[in-house]
Every structure is written in C-alpha cells, then in structure tokens.
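The structure under discussion appears below in the form of structure tokens.
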Amino acid sequence: MPYEFTIQVSPEIAATPEKLKRHIARKNGIPFNEITHVQIVKRSIDARQKAIKINLKVAVYVNEEYVDETITLPEYPEVSNAPEIAIIGAGPAGLFAALRCVELGYKPIVLERGKDVQARRRDLKAINRDHIVNENSNYCFGEGGAGTYSDGKLYTRSKKRGDVNRILKLLVGFGATSKIMVDAHPHIGTNKLPAIIAAIREKIIAHGGKVLFETKVVDFKIQDGAVNGVVLEGGDTLEVKNVILATGHSARDIFELLYRKEIEIEAKAFALGVRVEHSQQLIDQIQYKCEDRGPYLPPSPYSIVKQVGGRGMYSFCMCPGGVIAPCATSPGEVVTNGWSPSKRDQPTSNSGIVVELRLEDFKEFAAYGPLAGMHFQKQIEQTAFKVGGETQRVPAQRLVDMTQGKISTNLPETSYKPGLTSSDMGTVFPKFIHKTLQEGFKMFDQRMRGYLTNEAVVHAPESRTSSPVRIPRDYKTLEHTQIKGLYPCGEGAGYAGGIISAAIDGEKCIEACIANFDN
Ligand SMILES: Cc1cc2nc3c(=O)[nH]c(=O)nc-3n(C[C@H](O)[C@H](O)[C@H](O)COP(=O)(O)OP(=O)(O)OC[C@H]3O[C@@H](n4cnc5c(N)ncnc54)[C@H](O)[C@@H]3O)c2cc1C
C-alpha cells in the first residue's frame, strides 16, 4: 500500500519529479532509494501569498512496485437489434446519453443537425474569415455540440449533480490526458477535443448505435399525450416512443416549436454581458504577484463575483491563454465566447463578464410568453450585429473608455478574428446592463489591481451563458411534465451548465428513460 501525504511545495518542486521525490524523502524520513514511485493524486495552486505554493496529494510507493492502472472503458454490448431510443443533439449531453444507452443494452439513434467534427472546421473558417454563419454548423452546432470547439474546462460548480469522476474517466478512456483526473481545474483544450468526440462516436457506431449528421429534427409526432415519432427536415419521420431532447441552449427553433405545439416550457433567468480580453502577462502579474510567472506555473485564470447595485456581476468561462470566437448560430446576429488550446499558450486571456438577469427584466417581451428571455437575448445579439457593421465584426471598446462612456479613438488588434468596430457599449445594451458593467469593472479593479486598463478590450455581447428557457420535467422520472416519452436533457432544457454537467445529465436521462422504457 502506498503512503498518502498532503503537502505544499514550490512550483519548481511540484513540476520536477526528482526534486519532489527528494523533498518527500527528506520531510518524511524515508530513504530516497527506497521510494519507487510518487504518484500525484490531486494538484491545485495556492496563489494567495507572494510565494506561490502548489498543494499536492501524493501516493508514495516505498519498496513496492508501482503498477499503472490504466483507465479502461466499460464493456459495451452489441445493440444493433436492441430497442431504439432517439437522442436529438450530439453535444456532451446527447453523446454521453448515447454511450450509456449502448452500455445498458439499448440502441441509440443520434440525430444531429450539424456536421461531423472534421467537416465542421470548414464552417468555423467561414465565420472567422468570410463572416458566413451556417445555421446548422458553427461553434455551437455540429458533432460534440458547443463542447467541441469549446475551451474544455472540465469543472462544475455543482458536484451534487452526479459522478464527475465517472465522466472524467470516460474522457480519459477516449483519449483525454490523465492529468484531468489530478488537476483541481482540469482542462482539455480545443485542439484535443475533436479526436475525443470522434472516438466516442466511433464507439457508439461500432457497437450498433446510429449517429446521423445533417439530420435536423423539425417536429414531434404526439398522440394521446405521448411521443410516437420525430419529424426530420425533408419530411421523413422516425417512429420512436422514447426521445432524449438534448438540443442545447442555442436551438431557438426547438423552443419555438415546443411553444407552438403548446408543449409546456418556462422562461428562465440567465446572465449576459461582454467578453473582455487582457494580455495574459498582465493577468499573471496580478494573480501571481510577480513580473514573470516563470517556467513552472500555468497561465493564470481568475474568477470574480461582485454585487453591483444589488445585481450579481461575475466572470464566466475564463480562458487563460485563449482566443475569443464568433459564436452566432444565425445570420444577422453577433455572439462571442472563448476557447483556448491545451497548452493555453496564446498571449491573451479572455473572460465573459456577465450581469445577472431576472425574469422581470424581460417585461418588454412579455407578449412572447415563456420565450421572453430568448427574444431579449436575440435583440441584443441583433443590435450588436447592426452596431458592428452588419458582418461578424464585433462592437468593441477599450475597458477604461467603456467605464467612462467614451468611444475609443483606436483599438488594438485582439484575438477575435472577424475584426472589431469601435462602438459605445451603451448602444448595444439596455441601460441597466451597461451601467452595471461600467460600475462593476471599477469594483473588479479593487479586487485585482491593474485589471481596469485601457489595454484591455471589451467585445459585445457574451449572451449564451445558459438557456433562457427551461423545459420542465418530472423530478423523479425525468420525463417532460406533460408529454410521455420525451426527456428534456442538458443545458438547453435548463438542467446543466457546462460540459461535465451536461454529460452527467445525459447519462441520468437515458437511465431514467430505460427504467421507464415503453415499447
Ligand atoms: C466557445 C465555447 C466555449 C465553451 N467553453 C466551455 C468550457 O471550457 N467548459 C464548459 O464546461 N463548457 C464550455 N462551454 C459550454 C458547453 O460547451 C456547453 O455547456 C455544453 O456543450 C452543453 O451541452 P449540451 O449537450 O447540453 O448542448 P450542446 O453542446 O449545445 O449540444 C446541442 C446539440 O444539439 C444539436 N441540435 C440543436 N437543434 C437540433 C435539432 N433541431 N435537430 C438535431 N440536432 C439539433 C446542436 O447542433 C448541438 O450539436 C463553451 C461553449 C462555447 C460555445
């Protein structure tokens, strides 16, 4: 049995196996030569003091052989002739639902409006370079969903949602680095995610499941309060009685369809704001309290929450060493989000900085019923499109100028490829959001001295933080409260907020569907 210790060491010792072994030997009176292996079990950074420390939980093998327990995938049965379950959407929720479906001996039929990960790249190029938004294949739609070309941060604020480790192990089994099992804030990176997603799809198909791309669901067949089919664009119908609906928070046509068919949905509060870009070096200097972070520390993230005039304003999906991406899903709108490569080696950092919204903020859109928040969100994205110049150029302003209500006379180049249009953020947002952002950024500077600089640039809007609609489900059976056989799932239904929680929800929904299975 290895000895387990929790230790605090310098970044250099933590990053150098030989030095770490020596440190452990000396501190614990273990002869150096008798230590056969040191396994890091958990790692986190403590940057509260000037001298930064790394917290490590280590398993130390003394005079004992270390056997690397490679993570293996579950045994998946052959399901080609098993009962079928339709899964709409191949994001993390849909894909993990499909995998678990195979594992439990049922046949998933995944219906995805977008293209496979490889083909999707061409459409991302078209948004970045030619400002063309393909409504079915973009940063949010296509194989892997919004999770594929995302940052791949794998932490969830709510551990209560389910077994995070199970999802992390599956990701490692499909090719992710095993470091995600160790780091307190695990991260995969945009460059690594596509191969992992493709491996999951291949596994599903190899065991008899189906994954159909460019297959958009446009209607549901419902009889006597139960699903008995889904209608595909083009007119074909797939006859199924069990459907996992995992279409994500950007599938506005699905929300509109449910509303039209009088299938119960609810407005949901969400958050909205800007994406701000700083130099990574500045963020490192503020967070690590040093000129240069040196070779042993990773590019620093940050996380801030403030109450501004009674409203929450907070950082969201911060991407150290990352890039701002154009994430619109329809022509005529501008949306930003961020990603970073696995090494987080870009010179810039970016973060969504968003203001908490409440249902009463959508009053002006009350005529849209439960879609009020969605229309509020859409109007801001369309305004940004107009202000930006009716391309994918984004309205942008230097940070200090923004807090002072001054249009920036010039803008530095940022990582956002389609380009910037110098604008007053007051023309993009309603006054209460603009004011909150102006005040809040000043308060952020009190927490992170130097953050409020005119070298930083805000890009608008960051508007797809979570779903503006909830599709209600029974808390026990997870079935829609009104329609039998329909399982609202993942972020779009309002039950997840990120890759891990969406994957967990996907597994939960398919388990509930199978427990309740109706032929
Ligand atoms: C640029 C970017 C960076 C992000 N970074 C992170 C991060 O670092 N960490 C993190 O945890 N989260 C991140 N997110 C959020 C994360 O990607 C989502 O929370 C997650 O993907 C939600 O999973 P989901 O399966 O519920 O929905 P989605 O991933 O949105 O998937 C829904 C799928 O349904 C498909 N679909 C929609 N309508 C239909 C239809 N009618 N018929 C058929 N298919 C349909 C879509 O094409 C899509 O593939 C990021 C998102 C973006 C855009």
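What to note about this one:
- Condition check for Phe429: buried (at least 22 other Cβ atoms within 10 Å of the Cβ), closer than 30 Å to Gly309 by Cβ, out of contact with any helix residue (DSSP H, G or I) (no Cβ under 6 Å at 6 or more places or on another chain) and not polar (S, T, N, Q): yes
- Residues of the stretch 476-519 classified as assigned to a loop (DSSP other than H, G, I, E, B) and within 24 Å of the chain's Cα centre (by Cα), total: 11
- Complete set of residues in the stretch 123-143 that are assigned to a loop (DSSP other than H, G, I, E, B), away from the ligand (no atom under 12 Å from the Cβ) and hydrophobic (A, V, I, L, M, F, W, C): Ile132, Val133
- Condition met for Leu99 (modelled with pLDDT under 95 and among the aliphatic types (A, V, I, L, M)): no
- Failed item in (1) within 16 Å of the ligand (Cβ to nearest atom); (2) surrounded by fewer than 19 Cβ atoms within 10 Å (Cβ to Cβ), with Lys484 passing the rest: (1)
- Some residue of the stretch 295-316 being assigned by TED's automatic domain parsing to the domain that holds Trp339, surrounded by 15 or more Cβ atoms within 10 Å (Cβ to Cβ), within 14 Å of the ligand (Cβ to nearest atom) and more than 30 Å from Pro17 (Cα to Cα): yes
- Every pair of residues 6+ apart whose Cβ atoms lie under 8 Å, when the first sits in the stretch 481-494 and is β-branched (Val, Ile, Thr) while the second is open to solvent by 10 Å² or more (accessible area, probe 1.4 Å) and outside any loop (DSSP other than H, G, I, E, B): Thr481/Arg473; Ile483/Ile222; Ile483/Ala226
- Meets criteria (assigned to a loop (DSSP other than H, G, I, E, B), surrounded by fewer than 16 Cβ atoms within 10 Å (Cβ to Cβ) and under 23 Å from the mean Cα position of the chain (by Cα)) for Lys343: yes
- Taking the criterion of being surrounded by fewer than 19 Cβ atoms within 10 Å (Cβ to Cβ), of a type outside the set (A, V, I, L, M, F, W, C) and touching a helix residue (DSSP H, G or I) at 6+ places or on another chain (Cβ under 9 Å), the residues of the stretch 104-132 that qualify are Gly105, Gln118, Arg121.
- Helices (runs of 4 or more DSSP H) within the stretch 1-119 that include 1 or more residues within 30 Å of Tyr139 (Cα to Cα): 92-103
- Near pairs, Cβ below 7 angstrom, 6+ apart or cross-chain, from the stretch 440-462 (closer than 25 Å to Lys378 by Cβ) to any residue that is surrounded by fewer than 16 Cβ atoms within 10 Å (Cβ to Cβ): Val457/Pro412
- Of the set (1) away from the ligand (no atom under 14 Å from the Cβ); (2) open to solvent by less than 10 Å² (accessible area, probe 1.4 Å); (3) touching an Asp or Glu at 6+ places or on another chain (Cβ under 9 Å), all apply to Asn63 but (2).
- Subset of the stretch 499-519 that is surrounded by fewer than 19 Cβ atoms within 10 Å (Cβ to Cβ) and among the acidic types (Asp, Glu) - its residue that is nearest to the ligand (Cβ to nearest atom): Glu511
- Within the stretch 171-289, helices (runs of 4 or more DSSP H) holding 1 or more residues that are open to solvent by 30 Å² or more (accessible area, probe 1.4 Å) and touching a Pro at 6+ places or on another chain (Cβ under 7 Å): 252-260
- When Asn136 is tested against (1) open to solvent by 10 Å² or more (accessible area, probe 1.4 Å); (2) out of contact with any helix residue (DSSP H, G or I) (no Cβ under 8 Å at 6 or more places or on another chain); (3) modelled with pLDDT of 90 or more; (4) within 22 Å of Gly322 (Cβ to Cβ), only condition (4) is not met.
- Checked against the criterion of being of a type in the set (Lys, Arg) and buried (at least 17 other Cβ atoms within 10 Å of the Cβ), the stretch 93-103 has at least one qualifying residue.
The values are calculated or read from the model by the stated rules, or taken from the named source; none is laboratory data. Since this is a predicted model, take the numbers as computed values, not measurements. Methodologically, a virtual Cβ is constructed for each residue, glycine included, from the backbone with ideal geometry; neighbour enumeration extends over all protein chains shown. Surface accessibility is based on the protein's heavy atoms, side chains included, excluding ligands, DNA and RNA. Shrake-Rupley method; radii C 1.70, N 1.55, O 1.52, S 1.80 Å.
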